[in-house]
Structure formats: structure tokens, C-alpha cells
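Input: a single structure, listed below in C-alpha cells.
The values are calculated or read from the model by the stated rules, or taken from the named source; none is laboratory data. Keep in mind that this is a model prediction, so the values were computed, not measured. For neighbour counting, all protein chains shown are included, and Cβ atoms are generated from backbone atoms with ideal geometry for every residue, glycine included. Each accessible area value is taken on the protein alone, full model and side chains, heavy atoms only, with ligands, DNA and RNA left out. Shrake-Rupley method; radii C 1.70, N 1.55, O 1.52, S 1.80 Å.
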Amino acid sequence: MDRNQAIGLVLIAGILIVYSVFFRPPVEEQPIVATDTTEVASTNPGQVTTSPEPVVVQDTSAAKLTEEYGVFATGAIGSNQTLKVETDVAIYTFSNKGGQIKSVELKDFKSYNGDPLVLTSAENSAQQLIVPTVKGNIDLSELYFTTSASSTTISEEGTTQVVYTLNTTDGGSIEFIYNITANKYDLGYKVRFNGLSNSIIGDEVTLKWSKAMKRYEKNLEDARTKTTISYYTVAEDFEELKATSKDPQTETVAEPVRWASFNQKFFNAGIIAEKGFKAVTMNTAIPVTDTTIVKAGTIDAKISTADLYEGADFTYVYTPKKYRTLKKIGYDYQENVYMGYALVSWVNKLIIAPLFTFLEKHIGNYGIIIMIIVFVVKLVLFPLTRKSYLSMAKMKVLKPELDKIKEKVGDDMQKQQQEQMKLYREMGVNPLSGCLPMVLQMPILFAMFFFFPNSIELRQESFLWATDLSSYDVLFNLGFTIPFYGSHVSGFTLLMTISTLLYTWSNNQVSTVQGPMKSIGYVMPIIFMFVLNSYSAGLSFYYFVSNLVTFGQQTLIRRFVDDEKIRAKLEENKKNSGSKKKSKFQQRLEEAMKASQEAQRQKQGKGKK
């Protein structure tokens, strides 16, 4: 490792440490304290209530109902009846009250404590479709619909349809049509207003979806920092409320919105409007006294009445956050899965995620999948690794000459750099050639940093002593808390640290770096031991295996690298250096150094005056 490589690693490590400090998953696990969520919305903005209490009708006469509900009086009285539709992946429970989905259970997943994973239910979610009429605002969720559908189970490629109808006294009707497919996490939802133009006033109706997002993961604080409301505009812009905020948030989007969703760490519930919502207001808040709830929020969406007369198409989504599953839904719904920023996200989307998906089709053990990914990545990057090592070997061979330059020029750093560049040019050595391969590998290093903690494929998957590769592993509990570290020891993070220290020691055997810069290589692994102790076990395991493979690659390279042959090649380059033209890079570098020296001389001259 030469000086340029060391500086590059320090800068990269600094970026990772800063990011980790601000987004570090907290390790404190809070006990479950259940509270009554029915009172949350009235005391805290952005939090939700359960389904509205049934309206108590004192006078059930036809005249009284008509006075209160107008043409919708036919739905004012009824009894609550439910039906279930079970598919390969979910169980949907519908209710004739409001003609709504009341609960959704994802069959292939469990909560962290082993309970069935119910993504939405009457206890933690409520939807209202509020229609402005000549009798005032009517909430359709309070009315009773009729249906001819019954509970059913569909499998393989099967589909079914559930239709809820409310006939009005003037011959009109409202229809809610649900289309469910066996192996999909999204279902079609059509709303149609028939013959109601004289009863409905205004140009928009309001869909209000309130939801207390339940706790599904062991680490409550980490889950809260990754839970928010996200949305996507018709203009194709993805945005979200700030997930890490601990304060109540409210945002209104006045432009058309394609979809909005309650976006948790590994699960998502949302609604897509084919024609777009006219505007959406969203808010979130944390019910700090209720550890069974991660975050609570409300989506208040405006729908054009004209669209409903024609029959407006929507899509409900109740899904695990698998990137390829969400991508099939369309409208960039996969943006709900955070893959990192800019270049890093494209590495994950185009390389790592497809490779991971391919491997899990054929291999059931995710620890082995991670090891195979390491081998594939290291094999592809082997030419860069070899080039980097050869650069370090050349610098090691030149160390005697570099030491002589230091003795010759003393503390004059500019003169020292000038003489070093002259030596590099004569010997045909590019001092940046060892750093560049490492820089090119950085996108993959960063990609893994975002991929594993956000990969639902690793959720509740065990390997060795780790019970959940998506969360931190616990080799043993300390019984006390160490600041910035936690109360447990992550076994994979410990192995990663030890292997990084050994790898650093090995590199220092061929490095020209001396003094404090050399010591930094040993300090950084210790820092990362603290940083990654509460991160995904899969991430630490990946880095551990990657260190082992890299160590093995370098051991193999060393067997075929002869320092005497390198010295001979450099001496040959030196003999032929007089006949070679300077590269443009060398010319620019020398010009920059001369300009720097001239500026320094002028500064010293002014100082003497």
C-alpha cells in the first residue's frame, strides 16, 4: 500500500464512518408496550385511528335516513359480513361495510416474534371515501354494500373478482370491483359511480387512508428510521417524507400524484391511481409510548369526480419489498427499495440484485449465496487486484531510491516531490496506477453496504450462529452497554475485523508507507468494528469472506511476482526513458508543480519584504 492508496482509503473510510454515524441502526430493543391506538389520531397529528365506530341511528325511519343520507339511505342500515380470498401469497379479508379490504396477511412471512404477518387490519388501518353530496359529506366506509361473491381460494395462475354494489334510491349505484390474481401482491380496484351526477356536488372526492404501521422487526429504532410515506408524481419524481425524523411531519403535494405508500423497512402498503390523484396530503408521527407501532401516518388523496363517473382504475399493493417483485408492478414502484445513491444504486440494480435472484433460485442457504457472490465479484475484479498489487511491488522495489531522495533534499517537500516524479518517469512507474484499481472497486464495496441491510431475502434467514442475516448477529451478550458499540458482540463483525487486520499487516510487507500513515491501516478496522457491530450480519459476513478471498488472491500473485524481474524491467525502462516523450499527464503534473513552486517563491519573497 503506497501513500496514494493510504490517503484514498482514509478518505473512503471517512465517508463510510460519517454515513454510519448518522444512519447507524440503534441496537437498543424496547419492550413491547401495547396501547390503545384508537385514541392516537385525536391527540397526535399524523397518527391513526381504527375503523370509525358504527353510526348510531336514533330514528331508522325511511324519512329520517333520507334526510341524513339522501340517495345513499339504502346503505345506512345493515350487518357486518366478511369474506376471504386466499391466494398463493396472501389472505385478503373483505367487509361489506364500506365494501373494503379489512385485512391482508402475507402467508410467506412472520413477524419477528413468530406471529402471522398481518400487513393491514381493522385494528390498525382505516380507509374513508368521502363524497360531497347535496346532503353534505357522506363517508362511504360507513355504509353497507351488497355482493354475490363468497370466500374462495385461488392458486397457480387463477384469478377471481369481488364486486361490492350500493344501489341508490334514485336508480344510481356505486360499484367497487376487486380483481385478485393468485401469485401477485397487487390487486386491481375499480371505482365506478353510475347515474349520480345530480346527487354528487363538487369536482373531487377524498380518499383518506390512516394506518398505524405495526412492528415486524426486532430492532424497533432501526425500523422507525426506515419507515415513512413515499410517493411518486405523474411527472415521474419519487419522493418521501424524511424517514429519520423523530418529529411529526406533514407534506402536501399540489401536483398530480401517481401513487402513495406506507413504506416500512421490509414491507409496503400503497395505492396506485392509473389517472393520478389530483393532490395528496401526507403526515407521519411516532407514537413513542406504543412500541407495537413503528410509525403512524395518513394519506389524504383527492380524486377527480369525473374520473369516477367513467370508472377510475386503481391498484392496491400489499407486498414484501423484493426489488424485482416491485419492479413488475410498474410506475417505478421499485423505488421503494433503497439501493443506495447514484452510481451505487445502479451497481445493485443491474449487477448484485439480478445475481442474488439467480442464485437463490438454485441455492437455499443464504450464507453460501453470499460466499458465491464474493467469489464472482472477486473473480471479475481480479485483473484490477493484480494491477494494484504489481504497483505496490514496483514501489517497494523503488524504496531505496526514494529513501535517497529524502536524504538528499531534506525537508523540502516540493523538491522531494519533483525528484520523485522524475524517478517515476525514468522508471516508467505511474504512482496512481495502484490507487485507480481500488477506486474502481469502491462502487461495489459501497453497493454491498446498502444492499445487505435492505435485502428482505436475508430477513429471518439463519447461518451458523446468526438467526437473521438482515439484522445484527449476537455471538454473546455483554450484560452491559459500551458507548457507540452496544451490549452485544457481533461474531461476523469480529471476524471481519481480525481478517482486515491480518490483511493490512500482509499489505504492509510490500508497502512503502511509513510513520503515522502506516498505523492508520490498523486503526480503521477497529473503528469499523464499532460501526458495523449493529449492522446486517450478512454485510459483515460478506466483508469477512471478501478479506479471505483477497488475501488468497494476493498470496497467489506473490508466488508469480519476482522482485528481481521487476527491478530489471524498471532498469530497462530507465535506459529507454530518454527516447520516450512525456505523457500529457506527466506534462500537466510537472506544470502544476512548477506553478506551485513559483507561487511559493513569490510568497516567500513578499514575506522577506
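Among the candidates Ala312, Ala306, which residue alone is among the small types (Gly, Ala, Ser), crowded, with 18+ Cβ neighbours inside 10 Å, over 19 Å from Asn268 (Cβ atoms) and at pLDDT 80 or above?
It is Ala312.
Within region 286-322, can you find the residues that are among the charged types (D, E, K, R) and assigned to a loop (DSSP other than H, G, I, E, B)?
Once the filter is applied, which keeps residues that are among the charged types (D, E, K, R) and assigned to a loop (DSSP other than H, G, I, E, B), region 286-322 yields Asp290, Lys321, Lys322.
Pick from region 53-89 the residues that are at pLDDT below 85 and among the polar types (S, T, N, Q): which of them is least open to solvent (accessible area, probe 1.4 Å)?
Ser61
When you go through Ala122, Ala126 one by one, which is the residue that is open to solvent by less than 40 Å² (accessible area, probe 1.4 Å), outside any strand (DSSP E or B) and under 30 Å from Glu217 (Cβ atoms)?
After ruling out the rest, the residue left standing is Ala122.
Go through region 172-201 and give me each residue that's open to solvent by 70 Å² or more (accessible area, probe 1.4 Å) and more than 37 Å from the chain's Cα centre (by Cα).
Ser197, Asn198, Ile201
If you scan region 88-111, which residues turn out to be of a type in the set (D, E, K, R) and in a loop (DSSP other than H, G, I, E, B)?
The answer is Asp88, and nothing else.
Before we move on, is Tyr323 under 13 Å from the mean Cα position of the chain (by Cα) and open to solvent by 10 Å² or more (accessible area, probe 1.4 Å)?
So Tyr323 passes the test.
Please state which one of Lys246, Lys328 is surrounded by fewer than 23 Cβ atoms within 10 Å (Cβ to Cβ) and part of a loop (DSSP other than H, G, I, E, B).
Lys246
Can you find a residue that is basic (Lys, Arg) and buried (at least 16 other Cβ atoms within 10 Å of the Cβ) anywhere in region 221-230?
Within region 221-230 (the criterion being basic (Lys, Arg) and buried (at least 16 other Cβ atoms within 10 Å of the Cβ)), the answer is yes, since at least one residue qualifies.
Examine region 336-345 for a residue that is among the aromatic types (Phe, Trp, Tyr), buried (at least 17 other Cβ atoms within 10 Å of the Cβ) and assigned to a strand (DSSP E or B), and state whether such a residue exists.
No, because not a single residue in region 336-345 is among the aromatic types (Phe, Trp, Tyr), buried (at least 17 other Cβ atoms within 10 Å of the Cβ) and assigned to a strand (DSSP E or B).
Taking the stated definitions as given, is Leu140 within 27 Å of Thr206 (Cβ to Cβ), of a type in the set (A, V, I, L, M, F, W, C) and touching a residue at least 40 places away in the same chain (Cβ under 8 Å)?
yes
Suppose the filter is farther than 28 Å from Leu384 by Cβ, among the aliphatic types (A, V, I, L, M) and either buried (at least 21 other Cβ atoms within 10 Å of the Cβ) or within 16 Å of the chain's Cα centre (by Cα) (or both); does Ala466 pass it?
It is true that Ala466 is farther than 28 Å from Leu384 by Cβ, among the aliphatic types (A, V, I, L, M) and either buried (at least 21 other Cβ atoms within 10 Å of the Cβ) or within 16 Å of the chain's Cα centre (by Cα) (or both).
Are there any pairs with C-beta distances below 7 angstrom linking a residue in region 477-493 that is of a type in the set (Val, Ile, Thr) to a residue that is in a strand (DSSP E or B), with the two at least 6 apart or on different chains, and if so which?
Partner pairs satisfying both residue conditions: Thr481/Ser487; Val489/Phe476; Val489/Leu478.
Would you mind stating whether Lys107 is under 25 Å from Lys64 (Cα atoms) and in contact (Cβ under 8 Å) with a residue 12 or more places away in the chain?
No, not satisfied.
Glu157 passes all but one of (1) in contact (Cβ under 8 Å) with a residue 60 or more places away in the chain; (2) acidic (Asp, Glu); (3) more than 23 Å from Ile303 (Cβ to Cβ); which number fails?
Of (1) in contact (Cβ under 8 Å) with a residue 60 or more places away in the chain; (2) acidic (Asp, Glu); (3) more than 23 Å from Ile303 (Cβ to Cβ), only one is false for Glu157: (1).
Looking only at region 202-215, filter to residues that are open to solvent by 10 Å² or more (accessible area, probe 1.4 Å) and within 21 Å of the chain's Cα centre (by Cα); which one of those is farthest from Val134 (Cα to Cα)?
My answer is Arg215.
Scan region 250-268 for residues that are touching a residue at least 40 places away in the same chain (Cβ under 8 Å), assigned to a strand (DSSP E or B) and either among the basic types (Lys, Arg) or surrounded by fewer than 20 Cβ atoms within 10 Å (Cβ to Cβ) (or both) and jot them down.
Hits for region 250-268 are Thr250, Arg258.
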